[in-house]
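*Asks:* Quick one: the structure is below, and I'll ask about it shortly.
The values are calculated or read from the model by the stated rules, or taken from the named source; none is laboratory data. Quantities reported herein were computed from a predicted structural model and do not represent experimental measurements. Positions of Cβ are generated from backbone atoms using ideal geometry, with glycine treated the same way; all protein chains shown enter the neighbour counts. We work out accessible area using only protein heavy atoms, side chains counted, and drop any ligands, DNA or RNA first. Shrake-Rupley method; radii C 1.70, N 1.55, O 1.52, S 1.80 Å.
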Amino acid sequence: MSNLIKIDNEYKNWITEVSKRFRQTQLKAAVKTNSDMLRFYWSLGRDIVGLSEKNNYGSGFYKTISEDLKDIFPDIKSFSPTNLKYMRYFYEMYPEVSNRQLAVDNFEDAENRQQVVDDLGQSIIFLIPWGHHVQILGKCKNNPQKALFYVKKTLENNWSRDVLLNFLDTDLYERQGKAVTNFALTLPAEQSDLYRCSYEFCQVN
């Protein structure tokens, strides 16, 4: 700690304010990195579904994809057969996002296209870490309502993965979630920035 901080309150307050701004910037950057990676995982899951349906690949398809991608990206750990299966589950759990992506692809007008991109970016499924999604997907198979319940609760309460797993194991959805008939896949615009800035568990796992 410098002497200036000790003797100059104005300088001390400024340093404190700069540190807060930097922390907020770090959080926003981490959330964006997480969101972009999750969109990639979702799109890869979509591609796997499409290729499997078109070509009737067997269960060994995941191992083949894993080996080929690891040859190209030897330092990346995300392309294990198990993780690739979860990417497929991720897409199959939330296929509604595909309608928004198709809208993006089909818009030729730049301004309207960007608006659709912005709307897609507010999807709550892209705002929590992948490690959280793996737990949710494992516990909420074939139940998008239940999965979205836990995604929303994670965002609202800044749950760590361990806390999320605890609530998954105690059947919180069965006790609370059934009282809620529908969860939106996207956040209202006024809430999106709040969740993005407050969520502190946004590293990609």
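*Asks:* Going by the structure shown, is residue 41 touching a helix residue (DSSP H, G or I) at 6+ places or on another chain (Cβ under 9 Å) and at pLDDT below 90? Full working, then the answer.
*Replies:* Working: touching a helix residue (DSSP H, G or I) at 6+ places or on another chain (Cβ under 9 Å): yes; at pLDDT below 90: no.
Answer is no for this residue.
*Asks:* For residue 142, which of the numbered conditions (1) outside any loop (DSSP other than H, G, I, E, B); (2) open to solvent by 60 Å² or more (accessible area, probe 1.4 Å) fails to hold?
*Replies:* (1)
*Asks:* Look at residue 63 and say whether it is open to solvent by 80 Å² or more (accessible area, probe 1.4 Å) and in contact with a Pro (Cβ under 6 Å, 6 or more places away or on another chain).
*Replies:* Numbers: open to solvent by 80 Å² or more (accessible area, probe 1.4 Å): yes; in contact with a Pro (Cβ under 6 Å, 6 or more places away or on another chain): yes.
Answer is yes for this residue.
*Asks:* Here is a follow-up. Just to be sure before I move on: is residue 46 modelled with pLDDT under 90 and closer than 25 Å to residue 143 by Cα in the structure I sent? So that I can check it myself, show each step before the final result.
*Replies:* Values: modelled with pLDDT under 90: no; closer than 25 Å to residue 143 by Cα: yes.
Criteria not met by residue 46.
*Asks:* Could you check the range 49-65 and list, in sequence order, the residues that are in a helix (DSSP H, G or I) and farther than 15 Å from residue 97 by Cβ?
*Replies:* Restricting attention to the range 49-65, the residues satisfying the condition of being in a helix (DSSP H, G or I) are 49-55, 61-65.
Listed by number, the residues that qualify are 51, 52, 53, 54, 55, 61, 62, 63, 64, 65.
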